[in-house]
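Heads up, the thing below is written out as structure tokens.
The values are calculated or read from the model by the stated rules, or taken from the named source; none is laboratory data. This structure is a prediction, so every number in the text was calculated from the model and none was measured. We place every Cβ from the backbone using ideal geometry, glycine too, and count neighbours over all the protein chains shown. Surface areas here come from the heavy atoms of the whole protein model, side chains and all, with no ligands, DNA or RNA. Shrake-Rupley method; radii C 1.70, N 1.55, O 1.52, S 1.80 Å.
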Amino acid sequence: MDKCVGLYIHIPFCKAKCYYCDFTSFDNQNEKMAPYVFALCEEIKQYGEILQDRQVDTIFIGGGTPTVLPLALLEKILKNLKENFKIESSFEFTVESNPGTLNKELLYLLKEYRVNRLSMGLQATQNKILKSLGRIHSLEDFYNNYHLARQMGYQNINVDLIFSLPDQTKKEWADTLKYIIKSEPEHISCYSLIIEENSYFGRLKKEGKLKEASDELDRELYHYARKILTENKYHHYEISNFSKKGFESRHNMNCWKYKPYVGMGLGAHSFINGQRYHNSYNLDKYIQSQGKIESIKEEIESIPLTMQYGEYIFLGLRLTEGISIKDFESQFNISFHALFGEKVKKLIEEGLLIKKQDRIQLSLKGLDLANIVFAEFLP
Amino acid sequence: MVLSKQERTRNFCIIAHIDHGKSTLADRIIQKTGLLTEREMQDQILDNMDLERERGITIKSQAVRLVYKAEDGEEYIFNLIDTPGHVDFNYEVSRSLAACEGAVLVVDAAQGIEAQTLANVYLAIEHNLEIVPVINKIDLPSANPENAKREIEDIIGIPAEDAPLISAKMGINIEAVLEKIVKEIPSPQGDENAPLKALIFDSVYDSYKGVIAFIRIKEGKIKKDMRIRMMSTGKEFEVNEVGVFGPGQFIVTNELTAGDVGYITASIKNVKDSRVGDTITDADNPASEPLPGYKKVNPMVYCGMYPADGAKYEDLREALEKLQLNDAALVFEPENSVALGFGFRCGFLGLLHMEIIQERLEREYNLDLVTTAPSVIYKVHKTNDEIIELSNPTDLPDPSEIKYMEEPVVKAEIIVPTEYIGSVMELCQERRGEYIGMDYLEETRAVLTYHLPLNEIIYDFFDALKSRTRGYASFDYELIGYQESDLVKLDILVNREVVDALSFIVHKDKAYERGRKIAEKLKQEIPRHLFEIPIQAAIGNKIIARETISALRKDVLAKCYGGDITRKKKLLEKQKEGKKRMRQIGSVEVPQSAFMSVLKLE
């Protein structure tokens, strides 16, 4: 089981930074794309060797906006991945995209390199909202490119949506969901807006200029999405994720099921051999190091056993199916009950957890208050 | 004619309002007397505690001995005794004054006389001190020396025509002050062959020397190895060291004789055994009576102090014990609160004293404290005719056992520009004040006299006064006694459980408003829980105010940040850590800030 590994490739460039985003990505460093890709490919080569005994089962190219790269640079990355890892067609191979950056040539290129899952960040279907988020695309861009991808044979498409946006009405959210349901993507992520301190919204909030949705409204929007999506045959399989049967994101499942993954590129996070670490967040440093993995690794953390228990549980509980006590016990060879019996009992009494035979999962209330549950399991 | 040492001695203090230039003038005097070079001058030698400097007041009195060569060619010994300027330390002020024959009254040429100055001048006059008025800050463009002189004559009733016009800051006309001191302040009296009578006017604890008692010899003499007796307690000690204070240093001498100001050490372990106001006498040849005026100071304001971290209880005890070594007025005893755990009920001379202690505990001893609302001492007359002195609201007996209650009342003098008289009267009215009178100091300023219940001024009266008069009012008070009052105990219930640390005693007419304000404040301070939490204010079984904290609806992170589990984990850990620092009241977790915030309601 441990012989599998997921790969994540980070592309830290965007046409424009979205107002809610604090992720490692730049909208004014285009001249560094080429040297960055050079360094990234060096890193890919090294991991190709390190991981040669491992079976790669998912690849996720994310960002930033991977599709903002010039075709030649994107191809260089794909080529390097192909040369250094054995990519089977049974893989889940995802590329994240902005609907405003897609075109036929690009989609063709991805297809050629066996990318079989396309993730499109739509967020909302109202152009005025898209504008208010600093998005560079319109609904029409999404419509055109979504159907283009379909025509070109992409059979696994994810659409990202955000709710609880400033000034977003219930109707606008409902309209967004209905529109997407009609488009029938295989996978839908519905994220409740997080105001990150280091984002543009975060600065507005600090100045008291951001109108945030109340917790009550947020939960209403969330449960509305849950209801309408499940009614339309989408399986609610993780706090924020919905999919048609069999189309759960395997890459993310890896993370939630405590499987190893390796991140390559600026600020990418890895979890392998019981260690967590991440690459430097400094673009110039990353480029100068020419992808030498030992010189860009930071904050290497060997996870103590008690923390491993906690992580396993809080990640697993993000999935609606929850965790299997049996799986936990075979992973760690210790009694779950002895460790957490009291806590689980209390959380069940509080109505936050449900026990179903061997499994423990979040209740509906627990979905809203998951952090309280998660914190209980940390040492 | 050769003058004796006693005839060449002048013992005096400086009376001034905060910021009117006391410390600056003291520095100038020290400088002019030439004992110190400029380089040796500390900024403000008399204010040697950081805290004092920041607050612009002096906490502990101290004295300095200077030598001045006067115009008549004689060398005079000046003992300049510093006095604390705040009403909380009124008794200490009176003892310092009792060590002097005169007082230099510094009045700001631009601002005139303030309430605090007035109170201290009256105290000085009571002690028969010769008052030497001085008009300071004449360099200011807004200076109006003639007006200041007129105020001194009209209000205090002493001649001010010849008052030196000076600028301590610029060093203008300081010699005139020195000459006035020589000419107008009488030299001390006292027979050096009579049995010893020495007044303790201050007492500090030093970790090397033990207690250092600052004394003024009224009669007789004191020297090393002498057996002395504290007349209030009868405790005896052997003198280790006798000396005087040069600027910034102790100078050991052979003896101190009648009229001298100096210090002694005598292996005294605690300032309690060397109380300010007590008389030291010769154990082998004791005086028949002590000097007049000694009293044991009693705390007027109490509050509970709890370590934020329960494990720091012993540290808090040690810190309080150390502070007490130096502060005979501070009292404390262990106390136990359901909400706050183990702590101490501490008694203080007043609010400022309380704040100073609190600040020192936090700053010097690095303690994080939770403090309960300050309380005065109520007299509870029970139906069985027993009288309880109550300093902790939780100890109030059942209402059925109470015949009536009394609360302490103070006489307050507020000096205020006339345009603010209305708003100050309104404030005093709101605080249940009884109007006693008003006098105009001049056309634009008046002194208002009120009787006010002490419990109305211990929370935030001074702040309210400042804000309603844009900082122009000054205020002073003294305890005048107790009066019967319609008092009730207000309890605060969180999720239907009484939080003992939040209970307080309040006048019946004020209970509703305070209860409502506290409930509102707690609603903001207590985080949402999984369940709805009622916050209630109650008198006995009667709920008089209620707020509700609605149940927590959302606490979930939507996203996992591209495999960055560490970031998420840190967030969860922070959440967990925050919970640990909260106080558990029943099933409700209350942050410490909640306890503190209800102390400041306006």
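Mind listing whichever residues of the stretch B:497-539 are within 21 Å of residue B:455 (Cβ to Cβ) and out of contact with any strand residue (DSSP E or B) (no Cβ under 8 Å at 6 or more places or on another chain)?
B:509, B:510, B:513, B:517, B:521, listed by residue number.
Only residues in the stretch A:237-257 that are closer than 25 Å to residue A:219 by Cα and within 12 Å of chain B (Cβ to nearest Cβ) count as the first member; pair them with residues that are assigned to a helix (DSSP H, G or I) and not aromatic (Phe, Trp, Tyr), Cβ under 9 angstrom, at least 6 apart or cross-chain, and list the lot.
A:238/A:252; A:238/A:253; A:239/A:367; A:239/A:370; A:241/A:252; A:256/A:315; A:256/A:316
It is to be established whether one or more residues within the stretch B:242-252 are more than 26 Å from the chain's Cα centre (by Cα) and within 29 Å of residue B:331 (Cβ to Cβ).
Within the stretch B:242-252 (the criterion being more than 26 Å from the chain's Cα centre (by Cα) and within 29 Å of residue B:331 (Cβ to Cβ)), the answer is no, since none of the residues qualifies.
Residues A:234, A:286: which one is away from chain B (no Cβ under 13 Å), under 20 Å from residue A:160 (Cα atoms) and buried (at least 23 other Cβ atoms within 10 Å of the Cβ)? Steps first, answer last, please.
Working: A:286 fails: under 20 Å from residue A:160 (Cα atoms).
None of the others qualify; the one that does is A:234.
Restricting the stretch B:121-155 to residues that are β-branched (Val, Ile, Thr) and either modelled with pLDDT of 90 or more or surrounded by 20 or more Cβ atoms within 10 Å (Cβ to Cβ) (or both), which is farthest from residue B:100 (Cα to Cα)?
The initial filter retains those residues of the stretch B:121-155 that are β-branched (Val, Ile, Thr), namely B:121, B:125, B:131-132, B:134-135, B:138, B:152, B:155.
From what's left, either modelled with pLDDT of 90 or more or surrounded by 20 or more Cβ atoms within 10 Å (Cβ to Cβ) (or both): B:121, B:131-132, B:134-135, B:138, B:152, B:155.
Numbers: B:121: 13, B:131: 11, B:132: 13, B:134: 18, B:135: 21, B:138: 27, B:152: 21, B:155: 23 Å.
Checked the stretch B:121-155; the qualifying residue farthest from residue B:100 (Cα to Cα) is B:138.
Is it the case, given these coordinates, that residue B:298 is surrounded by fewer than 23 Cβ atoms within 10 Å (Cβ to Cβ), under 26 Å from residue B:84 (Cβ atoms), of a type outside the set (Val, Ile, Thr) and modelled with pLDDT under 95? Give the steps one after another, and end with the answer.
Details: surrounded by fewer than 23 Cβ atoms within 10 Å (Cβ to Cβ): yes; under 26 Å from residue B:84 (Cβ atoms): yes; of a type outside the set (Val, Ile, Thr): yes; modelled with pLDDT under 95: yes.
When the stated conditions are applied, residue B:298 passes them.
Pairs please, first residue from the stretch A:160-187 and β-branched (Val, Ile, Thr), second anywhere and assigned to a helix (DSSP H, G or I), Cβ atoms under 8 Å, 6+ apart in sequence or on different chains.
Short answer, once both residue conditions are applied: A:181/A:228; A:181/A:229.
Just to be sure, is residue B:161 more than 22 Å from residue B:96 (Cβ to Cβ) and either free of Cβ contacts under 8 Å to residues at least 12 places away in the same chain or open to solvent by 30 Å² or more (accessible area, probe 1.4 Å) (or both)? Walk me through how you get there before you give the answer.
Values: more than 22 Å from residue B:96 (Cβ to Cβ): yes; either free of Cβ contacts under 8 Å to residues at least 12 places away in the same chain or open to solvent by 30 Å² or more (accessible area, probe 1.4 Å) (or both): yes.
It is true that residue B:161 is more than 22 Å from residue B:96 (Cβ to Cβ) and either free of Cβ contacts under 8 Å to residues at least 12 places away in the same chain or open to solvent by 30 Å² or more (accessible area, probe 1.4 Å) (or both).
Taking the stretch B:550-567, which residues are at the interface with chain A (Cβ under 8 Å from one of its Cβ atoms) and charged (D, E, K, R)? If you could, list the steps in order and put the result at the bottom.
Within the stretch B:550-567, the first condition is being at the interface with chain A (Cβ under 8 Å from one of its Cβ atoms), and the residues that meet it are B:552-566.
Once the filter is applied, which keeps residues that are at the interface with chain A (Cβ under 8 Å from one of its Cβ atoms) and charged (D, E, K, R), the stretch B:550-567 yields B:553, B:554, B:555, B:559, B:564.
Please indicate, with yes or no, whether at least one residue in the stretch B:529-537 is under 30 Å from residue A:367 (Cβ atoms), open to solvent by less than 40 Å² (accessible area, probe 1.4 Å) and without any contact (Cβ under 8 Å) to a residue 40 or more places away in the chain. Don't jump to the end; show me each part of the working.
The initial filter retains those residues of the stretch B:529-537 that are under 30 Å from residue A:367 (Cβ atoms), namely B:529-535.
Within this subset, residues satisfying the condition of being open to solvent by less than 40 Å² (accessible area, probe 1.4 Å) are B:529-530, B:533-535.
Those still in the list that are without any contact (Cβ under 8 Å) to a residue 40 or more places away in the chain too: B:530.
Scanning the stretch B:529-537 turns up at least one residue that is under 30 Å from residue A:367 (Cβ atoms), open to solvent by less than 40 Å² (accessible area, probe 1.4 Å) and without any contact (Cβ under 8 Å) to a residue 40 or more places away in the chain.
Suppose we filter B:468, B:432 for residues that are within 30 Å of residue B:384 (Cα to Cα), modelled with pLDDT of 85 or more, open to solvent by 40 Å² or more (accessible area, probe 1.4 Å) and not small (Gly, Ala, Ser); which single one remains?
Values: B:468 fails: within 30 Å of residue B:384 (Cα to Cα).
Exactly one of B:468, B:432 is within 30 Å of residue B:384 (Cα to Cα), modelled with pLDDT of 85 or more, open to solvent by 40 Å² or more (accessible area, probe 1.4 Å) and not small (Gly, Ala, Ser), namely B:432.
Among B:200, B:251, which is open to solvent by 30 Å² or more (accessible area, probe 1.4 Å) and on the phi < 0 side of the Ramachandran plot?
Details: B:200 fails: open to solvent by 30 Å² or more (accessible area, probe 1.4 Å).
Going through B:200, B:251 in turn, just one is open to solvent by 30 Å² or more (accessible area, probe 1.4 Å) and on the phi < 0 side of the Ramachandran plot: B:251.
With respect to residue A:159, determine if the residue is under 17 Å from the mean Cα position of the chain (by Cα), β-branched (Val, Ile, Thr), surrounded by 15 or more Cβ atoms within 10 Å (Cβ to Cβ) and not in a loop (DSSP other than H, G, I, E, B).
Numbers: under 17 Å from the mean Cα position of the chain (by Cα): yes; β-branched (Val, Ile, Thr): yes; surrounded by 15 or more Cβ atoms within 10 Å (Cβ to Cβ): yes; not in a loop (DSSP other than H, G, I, E, B): yes.
Answer is yes for this residue.
Going by what's in this entry, would residue B:559 be described as outside any loop (DSSP other than H, G, I, E, B), over 27 Å from residue B:431 (Cα atoms), open to solvent by 10 Å² or more (accessible area, probe 1.4 Å) and in contact with a strand residue (DSSP E or B) (Cβ under 7 Å, 6 or more places away or on another chain)? It would help to see each step written out before you state the result.
On the way: outside any loop (DSSP other than H, G, I, E, B): no; over 27 Å from residue B:431 (Cα atoms): yes; open to solvent by 10 Å² or more (accessible area, probe 1.4 Å): yes; in contact with a strand residue (DSSP E or B) (Cβ under 7 Å, 6 or more places away or on another chain): yes.
Answer is no for this residue.
Considering each of B:547, B:589, B:577, B:573 in turn, give the residue that is open to solvent by 20 Å² or more (accessible area, probe 1.4 Å), assigned to a strand (DSSP E or B) and either more than 14 Å from chain A (Cβ to nearest Cβ) or under 30 Å from residue A:278 (Cβ atoms) (or both).
Numbers: B:589 fails: either more than 14 Å from chain A (Cβ to nearest Cβ) or under 30 Å from residue A:278 (Cβ atoms) (or both); B:577 fails: assigned to a strand (DSSP E or B); B:573 fails: assigned to a strand (DSSP E or B).
Of B:547, B:589, B:577, B:573, the one residue that is open to solvent by 20 Å² or more (accessible area, probe 1.4 Å), assigned to a strand (DSSP E or B) and either more than 14 Å from chain A (Cβ to nearest Cβ) or under 30 Å from residue A:278 (Cβ atoms) (or both) is B:547.
Just to verify a result, which residue in the stretch A:346-363, among those that are hydrophobic (A, V, I, L, M, F, W, C) and not in a loop (DSSP other than H, G, I, E, B), is nearest to residue A:330 (Cα to Cα)?
Filtering the stretch A:346-363 for residues hydrophobic (A, V, I, L, M, F, W, C) gives A:347-348, A:352-354, A:360, A:362.
Those left that are additionally not in a loop (DSSP other than H, G, I, E, B): A:347-348, A:353-354, A:360, A:362.
Values: A:347: 23, A:348: 23, A:353: 22, A:354: 21, A:360: 16, A:362: 22 Å.
Checked the stretch A:346-363; the qualifying residue nearest to residue A:330 (Cα to Cα) is A:360.
For (1) under 30 Å from residue A:112 (Cα atoms); (2) within 11 Å of chain B (Cβ to nearest Cβ); (3) open to solvent by less than 50 Å² (accessible area, probe 1.4 Å), each residue gets a yes or a no:
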position: A:164; (1), (2), (3): no, yes, yes
position: A:169; (1), (2), (3): no, no, no
position: A:178; (1), (2), (3): no, no, no
position: A:181; (1), (2), (3): yes, no, yes
position: A:186; (1), (2), (3): yes, no, yes
position: A:189; (1), (2), (3): yes, yes, yes
position: A:194; (1), (2), (3): no, yes, yes
position: A:209; (1), (2), (3): no, no, no
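In the set A:342, A:299, which member is open to solvent by 70 Å² or more (accessible area, probe 1.4 Å) and within 12 Å of chain B (Cβ to nearest Cβ)?
Going through A:342, A:299 in turn, the sole match is A:299.
I'm checking my understanding of the structure. Among residues of the stretch A:345-357 that are surrounded by fewer than 14 Cβ atoms within 10 Å (Cβ to Cβ) and more than 14 Å from every other protein chain (Cβ to nearest Cβ), which one is farthest from residue A:314 (Cα to Cα)?
Here the residue is A:357.
Could you identify the single residue in A:57, A:22 that is closer than 25 Å to residue A:202 by Cβ and assigned by TED's automatic domain parsing to the domain that holds residue A:101?
Working: A:57 fails: closer than 25 Å to residue A:202 by Cβ.
On inspection, the qualifying residue turns out to be A:22.
Looking only at the stretch B:492-508, which residues are of a type in the set (Asp, Glu) and either under 22 Å from residue B:307 (Cβ atoms) or free of Cβ contacts under 8 Å to residues at least 60 places away in the same chain (or both)?
Across the stretch B:492-508, the qualifying residue is only B:500.
Considering only strands (runs of 3 or more DSSP E) fully contained in the stretch A:42-146, which possess at least 2 residues that are under 26 Å from residue A:191 (Cβ atoms), charged (D, E, K, R) and in contact with a Gly (Cβ under 7 Å, 6 or more places away or on another chain)? Steps first, answer last, please.
On the way: elements: A:55-63, A:92-97, A:117-123.
Because the criterion is at least 2 residues that are under 26 Å from residue A:191 (Cβ atoms), charged (D, E, K, R) and in contact with a Gly (Cβ under 7 Å, 6 or more places away or on another chain), no strands (runs of 3 or more DSSP E) in the stretch A:42-146 meet it.
If a residue must be more than 23 Å from the chain's Cα centre (by Cα), within 30 Å of residue A:20 (Cα to Cα) and of a type outside the set (A, V, I, L, M, F, W, C), how many such residues does the stretch A:31-69 contain?
The qualifying residues number 3.
Going residue by residue through the stretch B:261-274, is there one that turns out to be assigned to a loop (DSSP other than H, G, I, E, B), buried (at least 21 other Cβ atoms within 10 Å of the Cβ) and within 25 Å of the chain's Cα centre (by Cα)?
Here is the first cut: in the stretch B:261-274, the ones assigned to a loop (DSSP other than H, G, I, E, B) are B:266-270, B:274.
Now restrict to residues that are buried (at least 21 other Cβ atoms within 10 Å of the Cβ): B:266, B:268, B:274.
Still in the running and within 25 Å of the chain's Cα centre (by Cα): B:268, B:274.
Yes; the residues of the stretch B:261-274 include at least one that is assigned to a loop (DSSP other than H, G, I, E, B), buried (at least 21 other Cβ atoms within 10 Å of the Cβ) and within 25 Å of the chain's Cα centre (by Cα).
Residue by residue through the stretch B:396-428, note down the ones that are more than 20 Å from residue B:458 (Cα to Cα) and part of a helix (DSSP H, G or I).
B:399, B:400, B:401, B:418, B:419, B:420, B:421, B:422
Which residues, counting only those in the stretch A:214-224, are out of contact with any Phe, Trp or Tyr (no Cβ under 8 Å at 6 or more places or on another chain) and more than 9 Å from chain B (Cβ to nearest Cβ)?
Start the filter on the stretch A:214-224 by keeping residues that are out of contact with any Phe, Trp or Tyr (no Cβ under 8 Å at 6 or more places or on another chain), which leaves A:214-217, A:219-220, A:223.
Scanning the stretch A:214-224 gives A:217, A:220, A:223.
Take the stretch A:196-207 and flag every residue that is more than 14 Å from chain B (Cβ to nearest Cβ) and of a type in the set (S, T, N, Q).
Of everything in the stretch A:196-207, nothing turns out to be more than 14 Å from chain B (Cβ to nearest Cβ) and of a type in the set (S, T, N, Q).
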